[in-house]
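Comments concern the structure below.
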Amino acid sequence: MLSTKPYPQTSHHHNQKQVPRILLIYTGGTIGMIENPASGALEPFDFPRFRSYVPELQGFHLDIDAFAFDTPIDSSDMEPRYWVEMAHVIATHYNDYDGFVMLHGTDTMAYTASALSFMLQNLGKPVIITGSQLPIGQLRTDGKENLLTSIEIAAATNEKGQPIVTEVCIFFENRLLRGNRTTKINAEGFNAFRSYNYPPLATAGIHIKYEEHLIKRPQPTAPFTPHYLLNTGVMILTLFPGIGPEVVDACFNVKGLRAVILKTFGAGNAPQKPWLMQRIERLIDNGIIVVNVTQCSKGAVEMNRYETGLHLLQAGVVPGYDSTIESVITKLMFLLGHDYPTDKIIRLMNTNIAGEITA
Ligand code: ASP
C-alpha cells in the first residue's frame, strides 16, 4: 500500500540539527489531484509534479520529505485499516521528523483526525491534517494556503525549541482545530470545518496566533505509544419523530454489534415510549454499550435535565457529553478494539482521554 521510503523533496541538511524536518504524508483527496491540461480530468498525486505547482515550498528553511499512499484514497472510501497504516507511518518515522503534515480528502477528514487522536497516544509532535476543496493546480485553489500554513504550524517551536502543537489537528482555511472536535460542515465553501465545542488552537492571519493554553500536552513521564487495534462493531441510530419499533429492531439486531450511538434530541432526550426503553434496556443487559450523543452541533448531553433524558440515564445509557459523532464512533472502535471489559469501556467513555470531551 505504501511506498517503502519517503522521497526527498528539498536539499537535506541532516547534520544541521536546527533545520526542522517535516514529513508530508499524502493519502488522497482533492488537494493532491492534478488537472490534466489536455483532458481536464483529475489525476492522482505524483510528488515531483505536485511540487512544481507549489514552488513556495522551496521558500521554507525546512527539510521536507514526502510519503504517499500507493493508491490515493478518495476519503469517502476511508476505512479503519488505512488509519492503521497512517498511524504506522507516523510511528515508524516518529523520531526522524519534527512534525507531520497529512494531506487527506475533506469528506471524512474529521473521522481520520478523531481516530488518530486516540491511536497516537501521548503524542509529543504536531500531526496536522489538511486538504482542500479545489485541487492544488487550479488557480483559485485553497490547497496552497492550507498546505503552506500547515507546514509552518508543523515546524513551529516555542522559545525552548519544543513543538508548539502536540496533538492531531485539522488546519483548514484559517483555523487550527483539535482533530477530535472537528466536523465538516460545508460541501462548497472554503471554510469547511468547525469545532463547535472547543475553541480553535490557532488562527492564521498575518501572524499565526497560537492559543497555547488550549493545546493538549503529552504526559512528560509516559512515552509516545501508537495503537493499531480497532473494532467496527458499532452503529449510529438517529432518532426522529415517528421512529417505530421495526427500525429500532433492525438496528439493534445487527450481528457483531458491540456499541450503539443514539443520536438524540437537544440535551440528550428521546421519546418516552415503553417499547423503546425496553429495547434499550435489553441491549444494555446483553452487554452492548449505548452512548447518547445529541443531534445538535453545539452543546452537550445532560440526561438528568429532562424526564425524556432521565429514562435513558436510568437504563444505563452512557453520556457522550459534548462529543462530535466522528469522535464518539472512533473512540468506541478504539476501545472495543482493545477488548477491554464493558465496565472499563464505559469508564473510559466517561473520561476525557484525548481532549475529545468536556467531562
Ligand atoms: N471526495 C473528496 C475526498 O474527501 C473531497 C475532498 O477531498 O475534498 O477525498
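In region 90-110, how many residues are over 17 Å from Ile329 (Cα atoms), touching a residue at least 12 places away in the same chain (Cβ under 8 Å) and either away from the ligand (no atom under 13 Å from the Cβ) or out of contact with any Asp or Glu (no Cβ under 8 Å at 6 or more places or on another chain) (or both)?
14
Could you tell me which of the residues Ile289, Ile280, Ile261 is over 20 Å from Ser114 (Cα atoms) and at pLDDT 95 or above? Please lay out each step first, then the result.
Numbers: Ile289 fails: over 20 Å from Ser114 (Cα atoms); Ile261 fails: over 20 Å from Ser114 (Cα atoms).
It is Ile280.
Can you list residue pairs whose Cβ atoms sit under 6 Å apart, with the first residue in region 312-327 being farther than 10 Å from Val301 by Cβ and the second being of a type in the set (Phe, Trp, Tyr)? Count only pairs 6 or more apart in sequence or on different chains.
Pairs found: Glu326/Tyr111.
Can you tell me which residue is modelled with the lowest pLDDT among those in region 153-191 that are of a type in the set (D, E, K, R) and over 23 Å from Val328 (Cβ atoms)? I'd like the intermediate steps shown before the answer.
To start, the set of residues in region 153-191 that are of a type in the set (D, E, K, R) comprises 159-160, 167, 173, 175, 178, 181, 184, 188.
After this cut, where a residue has to be over 23 Å from Val328 (Cβ atoms) as well, the list is 159-160, 173, 188.
Values: Glu159: 94, Lys160: 94, Glu173: 93, Glu188: 87.
Checked region 153-191; the qualifying residue modelled with the lowest pLDDT is Glu188.
With the requirement that a residue be within 11 Å of the ligand (Cβ to nearest atom), in contact with a strand residue (DSSP E or B) (Cβ under 9 Å, 6 or more places away or on another chain) and within 19 Å of Ala354 (Cβ to Cβ), what does region 111-157 give you?
Thr112, the sole residue that qualifies.
Looking for something within 16 Å of the ligand (Cβ to nearest atom), touching a Gly at 6+ places or on another chain (Cβ under 9 Å) and closer than 25 Å to Lys125 by Cα - is there at least one such residue anywhere in region 31-38? Walk me through how you get there before you give the answer.
Keep residues of region 31-38 that are within 16 Å of the ligand (Cβ to nearest atom), which gives 31-35.
Still in the running and touching a Gly at 6+ places or on another chain (Cβ under 9 Å): 31-35.
Still in the list and also closer than 25 Å to Lys125 by Cα: 31-32.
So far as region 31-38 goes, yes, one or more of its residues are within 16 Å of the ligand (Cβ to nearest atom), touching a Gly at 6+ places or on another chain (Cβ under 9 Å) and closer than 25 Å to Lys125 by Cα.
So, in region 54-80, how many residues would count as being hydroxyl-bearing (Ser, Thr, Tyr) and crowded, with 18+ Cβ neighbours inside 10 Å?
Initially, region 54-80 is screened for residues hydroxyl-bearing (Ser, Thr, Tyr), giving 71, 75-76.
This time we only want the ones that are crowded, with 18+ Cβ neighbours inside 10 Å, so: 75.
Going through region 54-80 one residue at a time, the tally reaches 1.
In region 72-89, what residues are more than 12 Å from Ala115 (Cα to Cα) and either within 15 Å of the ligand (Cβ to nearest atom) or touching a His at 6+ places or on another chain (Cβ under 8 Å) (or both)?
Within region 72-89, Pro72, Ile73, Asp74, Ser75, Ser76, Asp77 qualify.
Could you please let me know if Gln16 is at pLDDT below 90, surrounded by fewer than 17 Cβ atoms within 10 Å (Cβ to Cβ) and part of a loop (DSSP other than H, G, I, E, B)?
So Gln16 passes the test.
Scan Asp70, Asp74, Asp65 and give me the residue that is within 24 Å of the chain's Cα centre (by Cα), over 24 Å from Leu229 (Cα atoms) and of a type in the set (Asp, Glu). Give the steps one after another, and end with the answer.
Values: Asp70 fails: over 24 Å from Leu229 (Cα atoms); Asp74 fails: over 24 Å from Leu229 (Cα atoms).
It is Asp65.
Please tell me if Thr330 is of a type in the set (Ser, Thr, Tyr), assigned to a helix (DSSP H, G or I), in contact with a helix residue (DSSP H, G or I) (Cβ under 6 Å, 6 or more places away or on another chain) and surrounded by 15 or more Cβ atoms within 10 Å (Cβ to Cβ).
Yes; evaluated as a whole, the condition is true for this residue.
Report those strands (runs of 3 or more DSSP E) wholly inside region 169-270 carrying at least 2 residues which are on the phi > 0 side of the Ramachandran plot and in contact with a strand residue (DSSP E or B) (Cβ under 8 Å, 6 or more places away or on another chain).
Ranges flagged: none.
Results for (1) within 21 Å of Met109 (Cα to Cα); (2) modelled with pLDDT of 95 or more; (3) within 15 Å of the chain's Cα centre (by Cα), shown as yes or no for each residue.
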{"site": "Phe193", "(1), (2), (3)": "yes, yes, yes"}
{"site": "Glu212", "(1), (2), (3)": "no, yes, no"}
{"site": "Pro218", "(1), (2), (3)": "no, yes, no"}
{"site": "Asn231", "(1), (2), (3)": "yes, yes, no"}
{"site": "Leu239", "(1), (2), (3)": "no, yes, no"}
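Please go through region 278-321 and give me each residue that is assigned to a loop (DSSP other than H, G, I, E, B) and buried (at least 22 other Cβ atoms within 10 Å of the Cβ), ordered by number. Don't jump to the end; show me each part of the working.
Step one: filter region 278-321 for residues assigned to a loop (DSSP other than H, G, I, E, B), giving 286-288, 295-306, 316-317, 320-321.
The answer is Val301, Met303, Val317, Gly320, Tyr321.
The values are calculated or read from the model by the stated rules, or taken from the named source; none is laboratory data. In this text, all values refer to a predicted model and were calculated from it rather than measured experimentally. Note: ideal-geometry Cβ built from the backbone for every residue, glycine included; neighbour counts use all protein chains shown.
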